[in-house]
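Visitor: Dropping a structure here in structure tokens format, bear with me for questions.
What follows is calculated from the coordinates using simple rules that are stated; it is not laboratory data. What you see is a predicted model; the values in this text were computed from it and never measured. All Cβ positions, glycine included, derive from the backbone under ideal geometry; neighbour counts span all protein chains shown.
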Amino acid sequence: MRYAMAIDTKKCVGCGDCVVACQTENNVPHGYCRDWIVENVSGSYPSVQIELRSERCNHCDNAPCVRCCPTGASHIVEGGIVLVTHDECIGCGACIESCPYDARYPHPEGYVDKCTFCKHRVDKGQNPACVDVCPTHCLHFGDLDDPNSDVSKALKNRKWKVLAPEAGTEPQLYFLT
Amino acid sequence: MTSRRQFIKISAAGVGAATIGINAASGFNLFGSKDETGPASDEDLTPYPTYCEVCFWKCAGWAYVDKKGNIRKIIGNKKDPHSNGRLCPRGTGGIGMYYDEDRLKTPLIRETDSEGNDYFREATWDEALTKVADKMKQIANKYGPEAFGLFNHGNPGGHLEHLMRAYGSETNAEPAFAQCRGPRSVAYYSTFGAYIGSPENTDIRDTRCLVLIGSHIGENMHNSQVQEMSQAIENKATIITVDPRLSTAAGKSTFWLPIKPATDIALLLAWIHVLIYENLYNKEFIDQYAFGFDLLKEHVKTMTPEWAYGITTIEPEMIRRTAREMAGAAPNVVIHPGRHAVWYGDDTQRERAMAILTALLGAWGKRGSLYFAEKISLPHYPQPEYPEPKWTWRDLNNGKYQLATMGITTELLKASIPENNPKHRVRAWLVAGTNLPLSMPDKQLFKKAADSVEFIAVMDTMPMEITGYADVVLPEATYLERYDFLRASQNRIPNVALRMPAVEPKYDSKPGWWISKKIGEKLGLDEYFNYNDYSEVIDWQLKQIGTSLEEMKKIGVKSFPRTEGPLYLADGEDFEFNTNSGKIELYSTDLADAGFDPIPVYKKHPEPPPNFYRLIYGRAPMHTFSRTSNNHNLWDLMNENNVWINPKIADIWELKSGDFVWLKNQDNAVTTFPVKVRVTERIRWDSVYMVHGFGHSDKKLSRAYGRGASDEEMITNVMIDPIMGGTGMRGNFVTFLKEDPRKEVKA
Amino acid sequence: MKEELFVSGRDIPNIDPYLHIWHWQIPLYLYLGGLAAGILFFATYYVIKGKEKQMQTTVKWATIIAPIALVIGLGALFWDLKHKLYFWQLYTTIRFTSPMSWGAWTLMLITPMSIVWVASYMKEMIPGWDWKFGFLNKFEVWIIKNRVPFAWIMMILAVILGVYTGILLSAFNARPLWNTSILGPLFLTSGLSTGLAAIMWMSKDEHERKTLNRIDLILILVELFLIIHLFMGFMAGSAVKTEAASLFLGGEFTVSFWVFVIILGLAFPATLEALELRGFHVPAWLPPFLILFGGLVFRFVMVEAGQITRFLY
């Protein structure tokens, strides 16, 4: 089993609903976020392109944060979800430094926090909160090993890219372009 | 599968275990009692049905409340055609409206201290309501109840409207008309004899071609429309966007026409020209249903793409190509009628041109165009007839704006000022759900009017600029804390949605229905409020349509079968339009009778003087105008607006992204606060762009105060639509001040 | 024109707009670790070589600095932890892929060992010193008897510590400025050099100073050579590497790096040392001071600048 997410940059309008839904679902404190939206503008008027990307932890197969964690607080569970055990985290910041996506942040309580792919929902067969809230249906989640999963179907017929593949992290967020 | 336990783990008996053990114990004790900060499991939460109040789309959803009585999240109702189970960021973040610590907490009454300074005194509900009721009695006795005006918006305003009608006043106005949808309503009504309504009856879901003229779906987060645009993208529908700015929608379009601002009518007429003269229009449809085709054909004869090119800067070939694209997809084309349509004062005519284009494509009542929306009609709760007022908002227009269908806010303001010698003078106001100082153009007019009236009572959930003008402030409970009208908006399928309290009202706030009822009772209007709790009204209404409050509490939204015929017009079906001619009026007899151009004409609008740029304003998906800027959840997403400047212009002014500037307009109005520059290729060099709703000047809004600049402050030139009184607001030009202008004055 | 911006208002403290999760504590910790490693390396080296007598300051007096530096360094590290009360979790596991983990363990071993080392010389440094307790005296005798194997262990640990101060950074693939294998040897060399500088500053023995001076000169040359290689690597690297290098080549760290680290911290003291070897009179405190200062600035610059660098996508 390999959980992954595909983000349709052609559909995303950058509304930030995924961000609010994550914050309310996961009780993320104000001023912090586990997911966010990047707008990339290129070209010059009137030949301009916009790419909108809803980004979060890439739940990398080769996760540098897990590698560099001195206590084992950062770990990978069934399905490839990268998690942090709060009571094992010492807050050294090494994982934050190690992440090419700046996906982690120090929670005001001290431990490092990040996207969990809403494991508490996924375990019950639901989608992550961000996926289920998106008004444009631009987020697709599921098991890559299951050809009928939402994410597998989304990736089958579309061109996609991952972010910073050269970092060698084998990220599991696929951006449909 | 990698396990985090694959590495050596030293047992507790290992090196240094003694000291470590002590640390471990203390560590756990100290953190043992911390609050649960993780996610809440849905099983531990109770969902209460509601529909959203953060914007007018009114999406139905569920407010999830935990065992301690905290609202944890709001999730869309899957049965709701407005949201399809997915709220927009504002709906999801609506929770922040409830938790906002800056909310109005208790009734306030204006007092004056010994030194003559005004201040607000906290009051009891009885005091505050008595004060409002006494004033209403006094006005009624002295001038008649008609002199008490109402500015309303949305649901809370509705309860007050009922109160005012019972009291005998129909002197009300909503910014939703003259500052928003008015031109559209009038134009489509005069063309098709029908309104577009809300949510718009646009069949974007099944369209093959979506045409957006200045409409920025995705930045306006009209939920189901955004969802349907996404489906249209999925279906590979052609999207044509006309906008001087690369809006989000433009960025997703097949064709983006970066038009010169204020020239849309020329483009529309050129499109009409191409459709007619290249014989691309839907001949059968026009022959059967339309009136005035030959006059239209003659009218647009010279309005070629080449003619329009000189005006719009859109290449003739592009005009032809996009016209052909529409014709190719016809009739499955949505010419989106837009919503905020008051731009240049000839907006009814622009909307008319859009309606005509729609007709030529046969894109009316067809799949993938504009469908026949239907709504359930809710029976009125038994009450006596409203008294007939001697005059109403209509009489304030002094014979102008015959085609207006709702009160015009600016006219109500003008009638409040004695210097204008109004025939009917408005002496006092009730204001609900609209922050007039930030939503009205021409701030001076508002200020003068506010100074002239004897009394202002404001009902709101938040301290807004308008509450500062109030004599009595009535703190309203948020939508999550109250029963309210049933939602029975139009849609493909008639449906009804329930809003019920998920929690008790916070602080000393009260529901709008309660406030209206209490004032009504003090005025002796008890028979209009013949219930103890508004849930009785809802239950009665629901039972009349075959359901009940009990059932609705479980499902939130209920759909009903259509009764007014199918969603679409069958080919060749006989159909009588509700116009003078019974046909689609390409040539409008209504407009001709009222002395206006029966077929739209392009008129040149003023252009920015040197070193000035046209101010275009718009929406951000995470905010509803100025109402949400203090909502913590949404503030987190966007806490200020930027002014978008083309890089070429930024170079001239030596501005970089992140710099702060003050804006000054053609009338020397200057923004109170500076605004951050965003240098971007997304905007034309002759225009700047800002998101509307920022630059709050009320310090009680602890988060929103002083963040960004208010575009309203730059809108001093208002171009009035002579047809319906719309306030065209896009004829203002701004320039940049790099130093604080107020500092200079002091020095 | 290209624009890339957060449109969901992301502005997380210490992360946006530039990563700054590690403040002054980490560079100080790395610096003091390198300094201690340098001191302990030379102390143990001369014990193993049997030159205790000739290198009195190196072997005895200067080593007092090591445990102090290590304790302060560890204190700084602890200060920087955001979830402090869970500090002990570091010592419930060894994770070889995590430099932070084996650094913590190395420090756990080398800090007490350095204290023992200093203690074992107390009687020689302070005549008449007595440990009061019999078992301590017995332990001292045992240590003194096994000083050479003890020195071997500690020398290996010192090298690990010195390399670790660089690898802690270079293991972060996400920060292009740090992610180069030269950083380990470079920080080790710099640590050795600062260690030597500290010893030289303390030493009153002309012969010892000369010996150390000569070694230091070589170390500085090696360090400069490694820095040149570092930049050659960056310039020949991918876009993110050249971007990283540009912070030092015209970017915001240009002055602090070239003036304080390269010129004042390396080139100038090296020149002074060379002059001293040729018999010119140079104030004894000056070269060590400059080297120590340059080393400190170097750690700060690298930690600060490295956090700004990132992958572009």
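Visitor: Which three numbers, in whole Å and largest first, are the semi-axes of the equivalent ellipsoid of region B:102-166 derived from its Cα gyration tensor as √(5λ)?
Guide: Values for region B:102-166, descending: 24, 18, 11 Å.
Visitor: How much of the DSSP beta bridge set in region B:613-746 is antiparallel, as a percent to the nearest 5?
Guide: Percent antiparallel among DSSP bridges in region B:613-746 is about 55.
Visitor: Next up: Could you work out the per residue convex hull volume over the alpha carbons of chain C, in cubic angstrom?
Guide: 151
Visitor: So how do B:202-208, B:261-267, B:570-576 stack up, highest first, on mean other-Cβ count within 10 Å?
Guide: B:261-267, B:202-208, B:570-576
Visitor: Which distance in nm do the two modelled labels at B:N421 and C:W285 give, with both placed 7 Å along the Cα-to-Cβ direction?
Guide: Distance between label points: 9.3 nm.
Visitor: Once you treat every alpha carbon in the protein assembly as shown as an equal point and sum by Debye, what is log10 I(q)/I(0) at q = 0.08, 0.10 Å⁻¹?
Guide: Taking Cα atoms of the protein assembly as shown as identical point scatterers yields -0.96, -1.32.
Visitor: Now for a separate question. For region B:613-746, with equal point scatterers placed on the C-alpha atoms only and solvent neglected, what are the log10 I(q)/I(0) values from the Debye formula at q = 0.17 1/Å, to two decimals?
Guide: With no solvent term, the Cα-only Debye profile gives -0.92.
Visitor: Please give the average number of partner chain Cβ atoms lying within 10 Å of the Cβ of each residue in B:628-639, rounded to a whole number.
Guide: 4
Visitor: Just report the Cα centroid separation between region B:54-100 and region C:183-227, whole Å.
Guide: Using only Cα atoms, the two centres lie 66 Å from each other.
Visitor: Go from 0 up to the bin containing the longest alpha carbon distance in region B:274-360, width 5 Å each, and give me the % of pairs per bin.
Guide: Binned Cα distances yield the sequence 3, 12, 21, 25, 24, 13, 3, 0.
Visitor: Which of the residue pairs B:K58/B:K700; A:K11/A:K159; B:K447/B:K699; B:K366/B:K583; A:K159/B:K236 have a Cα-Cα distance greater than 22 Å in the structure shown?
Guide: B:K58/B:K700
Visitor: What would the Debye equation give as log₁₀ I(q)/I(0) for region C:227-313 at q = 0.23 Å⁻¹, counting only Cα atoms as equal point scatterers?
Guide: Debye intensities relative to I(0), on a log10 scale: -1.06.
Visitor: Okay, moving on. Any idea what the alpha-carbon Rg over 2.2 N^0.38 Å comes to for region A:3-176?
Guide: So region A:3-176 has a normalised radius of gyration of 1.02.
Visitor: Still on this structure, I have one more. Hey, in the GNM for chain C with a 10 angstrom Cα cutoff, which one of C:G251, C:G294, C:G38 fluctuates hardest?
Guide: Highest fluctuation among the options: C:G251.
Visitor: Taking loop as defined by DSSP and a crowding limit of 11 other beta carbons within 10 Å, which GluC sites (Glu not before Pro) in region B:355-429 fit?
Guide: Qualifying residues, ordered by number: B:E385.
Visitor: Let me ask something else about it. What list of whole percents do you get for P(r) of chain B, with Cα-Cα distances grouped in 10 Å bins up to the one holding the largest distance?
Guide: Over chain B, the share of Cα pairs per 10 Å bin runs 3, 13, 22, 25, 20, 10, 4, 2, 1, 0 percent.
Visitor: Magnitude of the Cβ-charge dipole of the protein assembly as shown, K/R +1 and D/E -1, about the Cα centre, nearest 20 debye?
Guide: Dipole size: approximately 3120 debye.
Visitor: Quick one: of the DSSP bridges fully inside the protein assembly as shown, what percent are antiparallel, nearest 5?
Guide: Around 60 percent of the beta bridges assigned by DSSP in the protein assembly as shown are antiparallel ones.
Visitor: Determine, for B:K656, B:K522, the number of other Cβ atoms within 10 Å of each Cβ, and report the residues in order from fewest to most.
Guide: B:K656, B:K522
Visitor: Could you tell me how far the Cα centroid of region B:484-553 sits from the Cα centroid of region B:412-426, in Å?
Guide: 35
Visitor: Let me ask you something else. Could you give the size of the charge dipole of chain B about its Cα centre, using +1 on the Cβ of each K and R and -1 on the Cβ of each D and E, expressed in debye and rounded to the nearest 20?
Guide: For chain B, the charge dipole is close to 1680 debye.
Visitor: For each of C:T242, C:T194, B:T680, B:T241, count neighbouring Cβ atoms within 10 Å of the residue's Cβ, then give the residues from fewest to most.
Guide: C:T242, B:T680, B:T241, C:T194
Visitor: Of the cross-linked pairs C:K51/C:K145; B:K137/B:K543; B:K676/C:K84; B:K506/B:K554; A:K161/B:K676; B:K443/B:K738, which ones have a Cα-Cα span greater than 28 Å in the structure shown?
Guide: Too far apart for the 28 Å limit: B:K137/B:K543; B:K676/C:K84; A:K161/B:K676.
Visitor: Direction-averaged shadow area of the convex hull around the Cα atoms of region B:515-641, nm²?
Guide: 18.3
Visitor: Based on the Cβ-Cβ distance from B:Y119 to B:K604, what FRET efficiency comes out when R0 is 60 Å, to the nearest 0.05?
Guide: Result of the calculation: an efficiency of 0.70.
Visitor: Same structure, new question: Taking the dipole about the Cα centre of chain C, with the C-beta of Lys and Arg at +1 and of Asp and Glu at -1, give me whichever of C:L161, C:T58, C:Y121 is farthest to the positive side.
Guide: Of the options given, the answer is C:Y121.
Visitor: Another one. Putting +1 on Lys and Arg Cβ atoms and -1 on Asp and Glu Cβ atoms, find which of B:I233, B:A457, B:M406 reaches farthest to the positive end of the dipole of chain B.
Guide: The Cα lying farthest towards the positive end belongs to B:I233.
Visitor: Same structure, new question: How large is the dipole of chain A about the Cα centre if only Lys and Arg carry +1 and Asp and Glu carry -1, each at its Cβ, rounded to the nearest 20 debye?
Guide: 500
Visitor: Work out the FRET efficiency for C:E252 and B:Y143 from their Cβ-Cβ distance, taking R0 = 51 Å, and round it to the nearest 0.05.
Guide: 0.15
Visitor: Stokes-Einstein D for region B:488-536 at 4 °C, 1.567 mPa s, Kirkwood Rh over Cα pairs, in µm²/s?
Guide: In µm²/s, the coefficient rounds to 98.
Visitor: For peptide B:248-259, compute the average count of partner chain beta-carbon atoms within 10 Å of each residue's beta-carbon.
Guide: Mean partner-chain Cβ count within 10 Å for B:248-259: 3.
Visitor: What's the average, rounded to a whole number, of partner chain beta-carbon atoms within 10 Å of each residue's beta-carbon in A:120-128?
Guide: Shielding by partners across A:120-128 averages 1.
Visitor: For chain C, modelled as a Gaussian network with Cα springs under 10 Å, which listed residue fluctuates most, C:A274, C:A62, C:A151?
Guide: Looking only at C:A274, C:A62, C:A151, the biggest GNM fluctuation is shown by C:A274.
Visitor: Residue farthest toward the positive end of the dipole of the protein assembly as shown, with Cβ of Lys/Arg at +1 and Asp/Glu at -1: which of C:F41, A:N26, B:T358?
Guide: Of the options given, the answer is C:F41.
Visitor: Right, here's the next one. How big is the antiparallel share of DSSP beta bridges in chain B, given as a percent to the nearest 5?
Guide: Around 45 percent of the beta bridges assigned by DSSP in chain B are antiparallel ones.
Visitor: If you don't mind, another one. Where is the GNM fluctuation largest for chain C (alpha-carbon springs, 10 angstrom cutoff): C:I218, C:I126, C:I72?
Guide: So, out of C:I218, C:I126, C:I72, the one fluctuating most is C:I126.
Visitor: Taking 2.2 N^0.38 Å as the expected size of a compact globular protein, what ratio does the Cα radius of gyration of region B:42-97 give against it, to two decimals?
Guide: This ratio for region B:42-97 stands at 1.04.
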